[in-house]
1. When you scan the stretch 439-528 for helices (runs of 4 or more DSSP H) that lie fully inside it, which ones turn up with 3 or more residues that are at pLDDT 95 or above and touching a helix residue (DSSP H, G or I) at 6+ places or on another chain (Cβ under 9 Å)?
2. Checking Lys428 against (1) in a strand (DSSP E or B); (2) over 26 Å from Lys533 (Cα atoms), which test does it fail?
3. Quick check: anything in the stretch 71-94 acidic (Asp, Glu) and either buried (at least 23 other Cβ atoms within 10 Å of the Cβ) or free of Cβ contacts under 8 Å to residues at least 40 places away in the same chain (or both)?
4. Among Ala114, Ala129, Ala94, which is assigned to a loop (DSSP other than H, G, I, E, B) and of a type in the set (A, V, I, L, M, F, W, C)?
5. Regarding the stretch 64-76, can at least one residue be identified that is farther than 25 Å from Val228 by Cα and not in a helix (DSSP H, G or I)?
6. Which of the residues spanning the stretch 259-273 are touching a residue at least 24 places away in the same chain (Cβ under 8 Å) and either in a helix (DSSP H, G or I) or not assigned by TED's automatic domain parsing to the domain that holds Gln203 (or both)?
7. How do the pairs read when you match residues in the stretch 426-455 that are in the same structural domain as Gly385 (by TED's automatic domain parsing) with residues anywhere that are in a loop (DSSP other than H, G, I, E, B) and surrounded by fewer than 16 Cβ atoms within 10 Å (Cβ to Cβ), using Cβ under 8 Å and keeping only pairs 6 or more apart or on different chains?
8. Quick one: Met213 ticks every box in (1) over 30 Å from Lys338 (Cβ atoms); (2) in contact with a strand residue (DSSP E or B) (Cβ under 9 Å, 6 or more places away or on another chain); (3) assigned to a loop (DSSP other than H, G, I, E, B) except a single one, so which number is it?
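The values are calculated or read from the model by the stated rules, or taken from the named source; none is laboratory data. This structure is a prediction, so every number in the text was calculated from the model and none was measured. In this analysis, Cβ positions are derived from the backbone assuming ideal geometry, glycine residues included, and neighbour counts consider all displayed protein chains.
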Amino acid sequence: MSYFVTGATGFIGKRLVAKLLERPGSVVYFLTREMELPKLETLVEYWGVDNSRAIAIVGDLTRPQLGVSDGDVRKLKGKIAHFFHLAAIYDLKASAEDQQKANVDGTRNTVLLAEKIAAKHFHLVSSIASAGLFDGLFREDMFDEAENLDNPYFRTKHDSEGIVRKECKLPWRIYRPAIVVGDSRSGEMDKVDGPYYFFKLIQKMRKILPSWMPAIGLEGGRINVVPVDFVAAAMDHIAHLKGEDGKCFHLTDPTPMRVGDLLNTFARAAHAPEMTMRINAALFGFIPRSVRKSLFALNPVRRIRHAVMKDLGLPDDILEFINYPTRFDCRETLRALKGGGIAVPPLDSYAWRLWDYWERYLDPDLFVDRTLRGQVAGKVVLLTGGSSGIGKATIRKIAEAGAIAVTIARDAGQLEETRKEFEADGLKLITHTVDIADEEQCNAFVKLMIGQYGGVDILVNNAGRSIRRGIENSFDRFHDFERTMEVNYFGALRLTMGLLPAMIAKRKGQVVNISSIGVLTNAPRFSAYVASKAAMDAWTRCAASEFADRGIEFTTINMPLVKTPMIAPTRFYDNVPTLSPEEAADLVVGAIIHKPVRIATRLGIFGALLHSLMPKVAQIVMNTSFRMFPDSSAAAHKKEGALPSMPSADQIAFSQIMRGIHF
């Protein structure tokens, strides 16, 4: 028996062809565009046959007679028992014009070709979308009753069915699959569609919350999904039954799940928190459609909605289908499949396969270059304070990744030593001696960078000054506050504001500020240091809001305690758990790659929450640490030669629990 299939290279099509080729002596002719001919070898190999049984016919869906040559028409005439039309656009995001050409005009061209070659049966693969947003139970014998067909995809699927019903002179059958997901046996899927749009949201929840924690989600209408292997098997079976012409078959799940249950099924498969508390989206139905439309037409609302949907990987109009109102009767399909061993498997039995395949092969993050080299190669990256500590470890990673690595510091000798060290390792490091606390030096350096490189692509404000001294020991040392502010705030600000105009002109750039966990925990004994870092944090939040539409990213890193020369004077820190400079550099690398608004440790976030929710408790905790850990000898105005006392058991225990916090 011979078949003709359009859309044979598609997700459903290639599986249908595989089923047809399982029939003894079957031959499948399939439509393909000329540009796809070199890729067909893999497809034929998938089918497990040679070119004598899977025969490519060159054509184009949008052309009259599908662009099939007269010679091929003569070759096919009278041979085709079943003509399957699957080629179409199955994409809610496609333009209305493209959908009209492919789904409506393409169906008309296909019908005319099928008639010209005198095929015995015509099979159209439509979609449940042809019912529109019908409110109620849509039967298999219903067509004209479809309503709310405003969406171009719904309208074109409905109109393409109308062409077959009203214009096709051949015996026809129509199949309306539900939302088609991956293969229930392998999980294989070809694109992100339908429920897959919510997988990124589930993945984000899994990263933030433990699996046992109840989450808040949405409840809505019943969403009908079926695996692709069921659709292919059902079509193959029904197409070969006698006496079924002129009928439509709903290839749907007889017991569809509500949105909340569906999402929870995938949440379980992903080991993510389940949405046990659900807000029924129907509650928003009381807002008139015209009011909702006017609200979302407002520029601020539209931008916020677009940003949120983009971050979650959801199409802008996906929320319109949360309250999907249509249920599908499939009694005719169940009757036709009875005794054939073909049925929709429970989603619970294969959801884990769909999730696993998506996370391995379809997750959009897999196709984003998440390497440091991909972000900085060939770009100008300026890091301040790169002659030692965090800065030195970070600029090394940046230089190794192929960036034009530039660093500045006050100590010319140490800078030159660092440059030679990099040079010995085959790395190029551009160094300049600059004191960012000096306005003239800073302004001259900014002019130099703009003149030589047109500015910078990434600025890392790492240079800083720290003073560990209680306020009681600082009454006569106001200059401590001035010095820390001059470097940590005004110095970083001078550089940033000097280099921002060039970033604005290019509409791209990133500023990474190395702040402190102390800003979140309000660490005592570091009032000068924390205040200066908090000032830069506040400025950064304001700037990020102003430049959100200019392509400039701002990231603040609330760095925990790091073992660097900055903390060396405090001998007590020799016995306190700290990050190494390399570990701290990894946080900076993560900021450059992923560009988050903030990077902070869990302890830092907990400290900020504690200060927000229970400020008195937070004060007691921090006061305990303040009294438990003394000022250094220098800060307490003791003799320099005094030996540091060994930490007590309480101090060791407290420092382990509060790892990374400055004491």
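1. 439-453, 492-506
2. Just one mismatch for Lys428, condition (1).
3. Looking through the stretch 71-94, at least one residue is acidic (Asp, Glu) and either buried (at least 23 other Cβ atoms within 10 Å of the Cβ) or free of Cβ contacts under 8 Å to residues at least 40 places away in the same chain (or both).
4. Ala94
5. The answer is yes; a qualifying residue exists.
6. Scanning the stretch 259-273 gives Val259, Gly260, Leu262, Leu263, Asn264, Thr265, Phe266, Ala267, Arg268, Ala269.
7. From the stretch 426-455, the pairs are Thr433/Asp411.
8. Of everything listed in (1) over 30 Å from Lys338 (Cβ atoms); (2) in contact with a strand residue (DSSP E or B) (Cβ under 9 Å, 6 or more places away or on another chain); (3) assigned to a loop (DSSP other than H, G, I, E, B), Met213 misses just condition (2).
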